Each structure stands twice: as C-alpha cells, then as structure tokens.
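The values are calculated or read from the model by the stated rules, or taken from the named source; none is laboratory data. Since this is a predicted model, take the numbers as computed values, not measurements. Cβ atoms come from the backbone with ideal geometry, glycine included; neighbour counts cover every protein chain shown. Side chains are part of the model used for accessible areas, which takes the heavy atoms of the whole protein and leaves out ligands, DNA and RNA. Shrake-Rupley method; radii C 1.70, N 1.55, O 1.52, S 1.80 Å.
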Amino acid sequence: MSITVNGLDELKKLAGSDLGTSEWIEVTQERINTFADATGDHQWIHVDPERAAAGPFGAPIAHGYLTLSLFIPLFTELLDVEGVSTKVNYGLNRVRFPAPVKVGSRIRLVAKLAAVEDVPGGVQIAVEGTIEIDGGPKPAAVLQSPLAVLRLTGGHGRPTCVYRRPSTAACTSTRSSTPGTRPAGRPRPAACRCSRRSRCLRPRTCLCRCCVGAARTGW
C-alpha cells in the first residue's frame, strides 16, 4: 500500500518510519535477457538456461545489478511525494547481494525511511531497503540509498539550484568573449557554489542565474 505525502514538511514527519512492503514481481528469463542486452553482460549463468542448469545455481540467475535496478520501481509503490519538482537517485551508501535470484523467482521490497535531512533546494532522504526472495532464507539485496527530493520552485517561479546557498546575491555573469573564462569585471559572488555545472544535479534544466551563466561561459 502506497504512502502519499504532500510537500517536504509532511515528508520530514515520516523520518524513522517503516514504509511497508511492495507487491511481488517475477524475475523472468525475458527480463534477464533484456537487461543483458542493455548492459552487454551476457555471462552464461544469466542467459544460457541449459548450461546454467548444470552450473553452481542449478538455473539461470539474475544479474545482481538487475536486482538492484528494481529498487526504484519497487520503492515508488511504497512512497509518493507530491508537491515537489522531482526526485533524484543520489547513489548508494552500501549494498550487498546475500543470495542469487533464480529465474522465475518472485521478489519484493521492504523499506524504511531512515532519515530526512535538509539540503540546498530540498531534502535528502536515506532509504534502508531489503529485497526479499519469495520462500528464500536470505534476501536478494540489502541496501541503503540516498535520494534527493527537490522543492517545486525557487524565487520568481524558477527552479532552485540544489547547490546554491540561500543568498540575495545573484550571479550576474554574462556571455564571455573567451570560452572558459569569467566576464571581465563581473566576479562570481562568494555565495554561489554552482558556477561549475558539474556540481549541479540538473545542469541542463536548472534555470538559476548561476547555471545559466555557467552554460554561457563554460566555467
């Protein structure tokens, strides 16, 4: 059953709460083959049923990273945050694969919202998850994943850059005649941390003046 919250304040109230259990999904050979085609990992223990039947697991098994990739769609069954602009997968703090997932197995996610912390532009949540195997003594994966949840808009209706410190100072950069240099006489304000676009989580869509200026000048 999905939990729905509206906005970051309601999300913060869920910190430390169990999010419940997702529905079971079947890991089919077709799903495994599609993942193998997408990643180029065609190891026989995944895609050769006849050879895998005589192998160490007695059947083809899913790629560990296929199991891991199913974390997000399973997690979206558990928690829906409305009133925000987007959610960004920020990576993994830790992950382990205690047991292989054989073809035809069913898996599901059990998750907890371990923490909610303020970050520029929104919050970062830490999700502790266990991907269980139906009837299996050990889980397929145990992980902790941080996700960034961004506010709907910043000042003047613009999205807030997730790496910009709160400040009234605006980056006033304009197009430079020399790529890769700052415009003469227009220094970057100390409050702006996102003039290097690689540090912004959404450099192509962020419309704050810092990122727009960075796109123009190639900082």
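Structure summary
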item: Segments classed as helices (runs of 4 or more DSSP H), wholly inside region 1-98, with at least 3 members that are over 18 Å from the mean Cα position of the chain (by Cα) and of a type in the set (S, T, N, Q); result: 29-39
item: Top-ranked residue of region 99-137 - restricted to ones that are within 17 Å of the chain's Cα centre (by Cα) and of a type in the set (S, T, N, Q), ranked as farthest from residue 45 (Cα to Cα); result: 124
item: Scope region 15-69; condition charged (D, E, K, R) and free of Cβ contacts under 8 Å to residues at least 40 places away in the same chain; matching residues; result: 30, 31, 37, 41, 48, 50, 51
item: Which numbered condition residue 141 misses (of (1) touching a strand residue (DSSP E or B) at 6+ places or on another chain (Cβ under 7 Å); (2) open to solvent by 50 Å² or more (accessible area, probe 1.4 Å); (3) not polar (S, T, N, Q)); result: (2)
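Listed here are the residues, each with its yes/no results for (1) open to solvent by 30 Å² or more (accessible area, probe 1.4 Å); (2) modelled with pLDDT of 95 or more.
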| residue | (1), (2) |
| --- | --- |
| 9 | yes, no |
| 24 | yes, yes |
| 29 | yes, yes |
| 33 | yes, yes |
| 44 | yes, yes |
| 55 | no, yes |
| 81 | no, no |
| 84 | no, no |
